[in-house]
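These notes concern the structure reproduced below.
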Amino acid sequence: MSSATSDAPSLWAKDREHFLHPWTHFDSFKNEGSLVIQEAHGAYVTDAAGRRYLDGIGGLWCVNIGYGREEMARAIGAQVMRLSYSNTFVDCTNEPAAELAAQLAALAPGSINHVAYSLSGSCANDTAIRLAHYYHSRRGEPERRLVLSRYNSYHGSTYLGMTLTHRPGDRSPHFRYIEGLVHHLSAPYAYRRPAGMSEEAFTDMLVAELGEAIETLGARHIAAFIAEPIQGAGGVVPPPVGYLGRVRELLARHGILYISDEVVTGFGRVGHWFASRDEFGIQPDIIVAAKGLTSGYLPLGATLYSDEIHEVISASDPQAWFTHGFTYSGHPVCCAAALENIDIIRRERLLEHVRTVGDYFERRLRELGSLPIVGDVRGRRFMMCVEYVADKATRAPIAEAADISRRIARRCESKGLLVRPLGHLDIMSPPLILTRAQCDTLVDTLGAAIEEETAALRREGYL
């Protein structure tokens, strides 16, 4: 690990003056500026001042195999020297893109055997919706245009992706969204279900709401339902027992495509290549992947879809151009990175590792539920969050002015740990290579930060 760079203040100033960050809060940014990350190896990152942190957020849910892998550097460099770019429009392809498509088809559940490439989860979700519209039109139902999504969902930052998304913090009054395309349903947020309602009754309520929406909107107008197996940026919300399976059955009865957004859950985050079937027992029509597909080493998204969809869209028709794609679709260097990433996951048995060490991490993190301000600890394996409350009995939130998740995240940062603050939550999605000892460090550090900030909140009159 290198020592601190002498130009850390200069880097900070350049960033502050010229880089418009995703999700910038301008008032906070003016006061705090950015943490300038300079190096990263394994599960640790180092800032420009030489301070080292255990990365509890895996970059942004994505650095699954850890940082600084020489195998990845060699694979990427070799592909650059062999073929740095290749057009894949119409009838051109390249070896890594073709090989990766075959491997993804082999990994995906059921009859999902076809792939459309993009460069992000956002664009992969755009592709999924366009594919759903195209499919229904080709089968003679062009009026199927509406998409069912859910509150607290996150499906990307493109214009369409943000229309699908519906988290309160994303709905800026200064942006606009595509009107009349998406109908949002209740989030499967079991911790915040109506008081006195059992989880089983909550599932019944959610399924009934879906049925009512289909009846009101008309199945003949609905193209697809899109859902994360575990809602990620919306608060790491696992589905209540039986919910996803019952939703899948109801959609199938009405000919509505099921799109599983596995941008976060795919490629090992919860211990499987894809969580839809192996964690939740459902067979989607379309799966969307990105992030862990290359472990963040290079940008790549993929929209995987079924033989049944392909049979319809590939049927002979003089007007059957699927006019969608990107300059970098199937980029050979990105696909080479994905192939090496998949090989590392296989070779090092990381899925099995996540199912053992991830279970240990989950158990340890749930111990924090005994702390006074921890209302809920939820998630699965290496996709977890802690929700803070002022009153555990009523689940009343801590006053927004306390800025609780950021305070705890800053306290963790001072102790050498990065967690992701989000409203009244702190989120963890560490690299999948985390050891038991590193799990202990993460949980013990977060626990100490929570206890110290709890004492501060009492002094300040928030509790």
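Details
- Residue list for segment 354-379, filter: open to solvent by 20 Å² or more (accessible area, probe 1.4 Å) and among the β-branched types (Val, Ile, Thr): Thr356
- Pick from segment 55-111, criterion touching an Asp or Glu at 6+ places or on another chain (Cβ under 7 Å) and outside any loop (DSSP other than H, G, I, E, B), ranking: most open to solvent (accessible area, probe 1.4 Å): Glu71
- His136 vs. criteria within 30 Å of Arg167 (Cα to Cα), modelled with pLDDT of 95 or more and touching an Asp or Glu at 6+ places or on another chain (Cβ under 7 Å): no
- Scanning segment 328-337 for residues that are modelled with pLDDT of 95 or more, buried (at least 24 other Cβ atoms within 10 Å of the Cβ) and part of a loop (DSSP other than H, G, I, E, B) turns up at least one hit.
- Options Glu99, Glu70: the member that is farther than 30 Å from Glu413 by Cβ and modelled with pLDDT of 95 or more: Glu99
- Every residue from segment 167-214 that is assigned to a strand (DSSP E or B) and either in contact with a helix residue (DSSP H, G or I) (Cβ under 8 Å, 6 or more places away or on another chain) or over 24 Å from Trp23 (Cβ atoms) (or both): Val182, His183, Leu185
- Among the candidates Thr394, Thr454, Thr435, the residue that is open to solvent by 30 Å² or more (accessible area, probe 1.4 Å), touching a residue at least 24 places away in the same chain (Cβ under 8 Å) and not hydrophobic (A, V, I, L, M, F, W, C) is uniquely Thr435.
- Any hit, segment 257-273, residues being free of Cβ contacts under 8 Å to residues at least 40 places away in the same chain, farther than 24 Å from Arg346 by Cβ and open to solvent by less than 10 Å² (accessible area, probe 1.4 Å): yes
- Lone qualifier among His166, His184, His174, His155 - being closer than 20 Å to Arg380 by Cβ and not hydroxyl-bearing (Ser, Thr, Tyr): His155
The values are calculated or read from the model by the stated rules, or taken from the named source; none is laboratory data. Bear in mind that the values here come from a model prediction, so they are computed numbers and not experimental data. Positions of Cβ are backbone-derived with ideal geometry, glycine not excepted, and every protein chain shown enters the neighbour counts. The area values use the complete protein model at the heavy-atom level, side chains included, leaving out ligands, DNA and RNA. Shrake-Rupley method; radii C 1.70, N 1.55, O 1.52, S 1.80 Å.
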